[in-house]
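Structure first, then comments.
What follows draws every value from the coordinates through simple rules; no lab data is involved. These figures come from a predicted structure and were not determined experimentally. All Cβ positions, glycine included, derive from the backbone under ideal geometry; neighbour counts span all protein chains shown.
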Amino acid sequence: MFRAVIFDFDGVITDSEILHLRAFNDVLAQYDIEITEEDYYKEYLGFTDRDCFDSVAGKNKLGVDSEQIENLIKQKNRIFEKLAATEATIYEGVPEFLQMLTDNKIRRAICSGALLVDIQPIVEKSQLGPFFEVIVSAEQIAKGKPDPEGFLLALTKLNKGSQNSIAANECVVIEDSHWGLEAGNTAGMHTVAITNTYEAGQLSMAEKIITRLSELSIRDLQELCA
């Protein structure tokens, strides 16, 4: 039975990955470090902000401590917030897809490696807030994707107070990266990959691959969970 969809945010709902990269590089410029676009999409895209800064610091032997990493994250958040306010866009077809799910009484959640302060302004600006019952963001979890913790937490939150709990195999995860797909598979959920960020060949672990959300019907999603 098909009962819920859990969305990644950046690269699925909003076209903001490049804004995250610009914000990271603005912060890292103080250390004369730049993450190339190629490296970002190859190595860091699925990371939380903390994981990204930790990895970059380790590779470049910056010797920063946890408190300094936290300060870098705050700097990056301020920069990203300004960029998102003017440049973040929602992918074509997202509102219509969410409305289709709502009309069919399918539960809806976000599970993102971004912080809530990065997610909320875009959701509010695009008037998508009412569609999402649950948002799981980076600060709510100990381990980011490909660990399944975020997806399992989203499911727990969807089930809170419900007498008819949704099972993991009744959920469809929609992701744009192999990190997210791996997390969804490990969580026991069904996976759909969208080629907004990577080519289909890099997303082969998904059960279904699409180029836009309008390609998915309720029947397609039901068949995944059958």
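Numbers for the structure displayed
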{"item": "Dipole of segment 17-87, positive direction: furthest Cα of ILE35, SER55, ILE73, with charges on the beta-carbon", "result": "ILE73"}
{"item": "The chain - mean residue ellipticity at 222 nm from DSSP helices (-39,500 (n - 2.57) per run, n ≥ 4, rounded to 500)", "result": "-12500 deg cm²/dmol"}
{"item": "Length-normalised contact order for the chain - Cα pairs under 8 Å, 6+ apart - percent", "result": "26 percent"}
{"item": "Relative contact order (%) - criterion: Cα under 8 Å, at least six apart; region: segment 17-87", "result": "44 percent"}
{"item": "Under-5 Å amide H pairs with ILE209, H placed in peptide plane, nonlocal only", "result": "ALA193"}
{"item": "Integer Hz, Karplus 6.51/-1.76/1.60 couplings in order for segment 90-99, x for Gly and Pro", "result": "8, 5, 4, x, 5, x, 5, 5, 5, 5"}
{"item": "Simple label model, 7 Å out from Cα along Cβ direction - GLN68 to LYS157, nm", "result": "3.3 nm"}
{"item": "Tensor-based shape of segment 1-155 (alpha-carbon gyration tensor, a/c under 1.5 rounded, otherwise prolate or oblate)", "result": "prolate"}
{"item": "Per-residue ³J(HN,Hα) for segment 147-157, Karplus 6.51 cos²θ - 1.76 cosθ + 1.60, θ = phi - 60°, Hz, x for Gly and Pro", "result": "5, x, 3, x, 5, 5, 5, 4, 5, 4, 5"}
{"item": "Added length on full extension, which subtracts the Cα-Cα distance from 0.36 nm per residue, GLU37 to ALA200", "result": "56.8 nm"}
{"item": "Which listed pairs, of LYS82/LYS160; LYS145/LYS208; LYS42/LYS76; LYS42/LYS105; LYS42/LYS208, have C-alpha distances above 25 Å, in listed order", "result": "LYS82/LYS160; LYS42/LYS105"}
{"item": "ARG107 long-range amide H proximity, modeled H, under 5 Å", "result": "ALA4, VAL5"}
{"item": "Whole-Hz ³J(HN,Hα) from phi, Karplus 6.51 cos²θ - 1.76 cosθ + 1.60, for segment 62-79, glycine and proline x", "result": "6, x, 8, 8, 4, 5, 5, 4, 4, 5, 5, 4, 5, 4, 5, 4, 5, 5"}
{"item": "Tensor-based shape of segment 78-214 (alpha-carbon gyration tensor, a/c under 1.5 rounded, otherwise prolate or oblate)", "result": "rounded"}
